[in-house]
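Remarks on the structure that follows.
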Amino acid sequence: MQRDIYDEDHEAFREVVREFVKRYVSPEKAAQWDRDGEVDRPTMLAAAEHGLIGLSVPEEFGGAGMLMDYRFRSVVNEELIRCGHGSALAGAFGIHDDLAVPYLAHFGTDAQQQKWLPKMATAEVLGALAMTEPGAGSDLRGVTTTAKKVDGGYVVNGAKTFISSGKTADLVVTFVKTGEGNRPDAFSLILIEDGMAGFDHSKTLHKMGFPGHDTAELTFTDVFVPDENLIGGVEGLGFIQLMKNLPLERLSIGAVAAAVGEAALEWTLEYTTSRQAFGHPVVDFQNTRFRLAEMATTVDAMWAFTDRAMNLYRHGKLSADEAAKVKFWCTEREWEILDQGVQLHGGYGYITEYPIARAFLDARVHRIYGGTNEVMREIVARSVTGRK
Ligand SMILES: Cc1cc2nc3c(=O)[nH]c(=O)nc-3n(C[C@H](O)[C@H](O)[C@H](O)COP(=O)(O)OP(=O)(O)OC[C@H]3O[C@@H](n4cnc5c(N)ncnc54)[C@H](O)[C@@H]3O)c2cc1C
């Protein structure tokens with residue numbers, strides 16, 4: 001089904017992304033990122049030069065000013081994912097543009113914006129968002145990392161875990177307790193910088209998927225953070241700030257899932273057309289044809305849903321619970337499509353040399369992070385029933 005959310009600017013930009021992919025993304029590069037457990041900085045800097053990251057940084061700070069328009073970022077995801085070797089990059093770009101930059105662009109003080117956003121536009125400074133802790137993920141009111149007020153700043157103690165880009169980030173938007181109890185106004189967002197004394201973000205975690213994108217544990221031991229790093233300059237707004245970015249966070253995961261679903265369909269079609277069994281291409285078995293028909297229909301539905309959400313988002317009309325629908329529904333469909341794609345590849349579907357196998361492993365986390373799909377269903381159920 002033809003999509004109609006893109007105009008000629010997006011298609012021209014798609015060509016730029018394709019050129020970048022040709023030049024900077026290859027099986028060898030992806031294997032290197034997998035071995036290193038992270039994407040190298042020169043590639044991130046080159047991506048910024050080509051305008052592939054820094055898209056959400058406002059124009060006055062050197063970015064593309066697309067904070068409220070996800071379409072260009074979706075084009076980047078689509079091309080990186082389709083090539084079969086770009087998922088680590090798509091992950092690293094998304095964390096920077098969708099999870100870190102927005103907190104500064106929406107809530108940063110003038111001084112914070114002027115200090116950080118120009119460097120975030122060029123990828124000289126890469127961002128991450130740290131909310132989850134060893135003892136608190138879905139239930140963020142359970143976080144125990146504290147930022148205690150002292151003269152001229154805060155002293156931060158605690159730990160975060162599962163933080164995407166946590167090792168490579170230069171600047172971590174960190175969710176901390178600045179007050180007593182667990183009322184919403186007891187929490188704030190604070191910027192913790194690479195190199196601050198007592199901040200350790202060197203320990204990475206080994207995952208089943210996304211081996212080329214770092215996920216780290218962060219520890220804070222008496223880290224002194226100056227007042228100027230409190231996002232927005234006012235204590236107690238952390239929850240409100242997080243809520244504001246939920247639609248984008250959820251939409252972005254749904255849109256990635258749709259891009260993966262489409263790529264999985266393409267890879268499976270290509271494979272089953274070339275693979276022979278019982279004297280025929282596998283694509284000619286009725287079962288294969290029916291499964292491909294289901295996959296193609298699901299991909300159309302995923303795009304129809306996410307495209308609608310992208311349009312609502314750019315008009316400031318996508319609510320957090322609508323975005324929760326997109327996140328959980330698209331990632332569940334993505335999982336089904338990938339499972340079917342692996343099956344139709346036979347044994348090769350299980351071999352990580354094949355993009356379908358890697359995408360399958362990568363995608364498992366889409367139903368977990370950004371709020372688990374159970375929590376997403378809870379949010380949607382609340383909006384449907386009006387009951388907590
Ligand atoms: C690879 C990866 C990258 C990540 N990146 C980041 C990042 O960049 N920044 C960050 O802050 N976090 C990140 N996370 C953390 C992620 O968002 C959390 O893992 C997720 O929110 C779930 O929290 P949890 O792991 O503590 O699980 P828990 O909250 O302990 O949940 C355990 C189970 O209980 C279920 N459950 C919990 N509450 C409810 C409920 N109310 N109703 C029904 N079921 C419920 C969950 O759905 C889940 O099945 C990442 C995680 C991974 C694995």
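The values are calculated or read from the model by the stated rules, or taken from the named source; none is laboratory data. Predicted, not measured: the structure shown is a model, and the values here were computed from it. With ideal geometry, Cβ positions are generated from the backbone for all residues, glycine too; neighbour counts draw on all protein chains shown.
Given the structure, is Arg18 more than 26 Å from Ile163 (Cα to Cα) and of a type outside the set (Asp, Glu)? Spell out the reasoning first.
Working: more than 26 Å from Ile163 (Cα to Cα): yes; of a type outside the set (Asp, Glu): yes.
The answer is yes for Arg18.
Checking Val223 against (1) assigned to a helix (DSSP H, G or I); (2) buried (at least 21 other Cβ atoms within 10 Å of the Cβ): exactly one of these is not met. Which one?
(1) is the only condition that Val223 fails.
Could you tell me how many of the residues in the stretch 75-107 are among the polar types (S, T, N, Q) and either over 17 Å from Phe20 (Cβ atoms) or surrounded by fewer than 24 Cβ atoms within 10 Å (Cβ to Cβ) (or both)? Steps first, answer last, please.
Taking the stretch 75-107 as the starting set, the residues that turn out to be among the polar types (S, T, N, Q) are 77, 87.
Still in the running and either over 17 Å from Phe20 (Cβ atoms) or surrounded by fewer than 24 Cβ atoms within 10 Å (Cβ to Cβ) (or both): none.
The number of residues fulfilling the criteria is 0.
Quick check on this structure: which one of Lys203, Lys244, Lys207 is basic (Lys, Arg), in contact (Cβ under 8 Å) with a residue 40 or more places away in the chain and either in a helix (DSSP H, G or I) or loosely packed, with under 14 Cβ neighbours inside 10 Å (or both)?
Lys244
Whether any residue in the stretch 184-198 is touching a residue at least 40 places away in the same chain (Cβ under 8 Å), in a loop (DSSP other than H, G, I, E, B) and on the phi < 0 side of the Ramachandran plot is what I want to check.
Looking for residues that are touching a residue at least 40 places away in the same chain (Cβ under 8 Å), in a loop (DSSP other than H, G, I, E, B) and on the phi < 0 side of the Ramachandran plot, one finds none in the stretch 184-198, hence no.
For the stretch 148-170, how many residues are in contact with a Gly (Cβ under 7 Å, 6 or more places away or on another chain) and within 9 Å of the ligand (Cβ to nearest atom)?
Residues of the stretch 148-170 that are in contact with a Gly (Cβ under 7 Å, 6 or more places away or on another chain), as a first pass: 164, 169.
Filter again for within 9 Å of the ligand (Cβ to nearest atom), leaving 164.
Number satisfying all stated conditions: 1.
Which numbered condition in (1) β-branched (Val, Ile, Thr); (2) within 28 Å of Ala88 (Cα to Cα); (3) within 16 Å of the ligand (Cβ to nearest atom) is the only one that Thr145 fails?
For Thr145, the failing item is (2).
Can you go through Ala121, Ala111, Ala90 and tell me which one is more than 23 Å from Gly261 (Cα to Cα) and either within 18 Å of the chain's Cα centre (by Cα) or in the same structural domain as Leu248 (by TED's automatic domain parsing) (or both)? Don't jump to the end; show me each part of the working.
Values: Ala111 fails: either within 18 Å of the chain's Cα centre (by Cα) or in the same structural domain as Leu248 (by TED's automatic domain parsing) (or both); Ala90 fails: more than 23 Å from Gly261 (Cα to Cα).
After ruling out the rest, the residue left standing is Ala121.
Can you tell me which of (1) over 20 Å from the mean Cα position of the chain (by Cα); (2) at pLDDT 95 or above is the one Gly371 doesn't meet?
The number of the failed condition is (1).
Return a yes/no flag: does the stretch 308-330 have any residue that is at pLDDT 95 or above and over 23 Å from Leu67 (Cβ atoms).
Yes.
Search the stretch 120-138 for residues being under 17 Å from Asn182 (Cα atoms) and near the ligand (Cβ under 6 Å from one of its atoms), and hand back the single one that is surrounded by the fewest Cβ atoms within 10 Å (Cβ to Cβ).
The qualifying residue surrounded by the fewest Cβ atoms within 10 Å (Cβ to Cβ) is Ser138.
Could you grab the pairs with beta carbons closer than 6 Å, sequence gap of 6+ or different chains, first residue in the stretch 355-375 and under 16 Å from His213 (Cβ atoms), second one more than 6 Å from the ligand (Cβ to nearest atom) and of a type in the set (S, T, N, Q)?
Here the result reads Arg358/Thr352; Asp362/Ser87; His366/Thr331, each pair linking the stretch 355-375 to a residue that is more than 6 Å from the ligand (Cβ to nearest atom) and of a type in the set (S, T, N, Q).
From the list Val21, Val16, exactly one residue is on the phi < 0 side of the Ramachandran plot and in contact with a Cys (Cβ under 9 Å, 6 or more places away or on another chain). Which is it?
On the way: Val16 fails: in contact with a Cys (Cβ under 9 Å, 6 or more places away or on another chain).
Within the list Val21, Val16, the selection yields Val21.
Please state which one of Lys160, Lys148 is surrounded by fewer than 17 Cβ atoms within 10 Å (Cβ to Cβ) and basic (Lys, Arg).
Details: Lys160 fails: surrounded by fewer than 17 Cβ atoms within 10 Å (Cβ to Cβ).
The conditions single out Lys148.
Okay, residues lined up against (1) free of Cβ contacts under 8 Å to residues at least 40 places away in the same chain; (2) in the same structural domain as Val75 (by TED's automatic domain parsing); (3) among the aliphatic types (A, V, I, L, M); (4) surrounded by fewer than 10 Cβ atoms within 10 Å (Cβ to Cβ):
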site	(1), (2), (3), (4)
Met1	no, no, yes, no
Glu19	yes, yes, no, no
Arg23	yes, yes, no, no
Ala31	yes, yes, yes, no
Arg41	no, yes, no, no
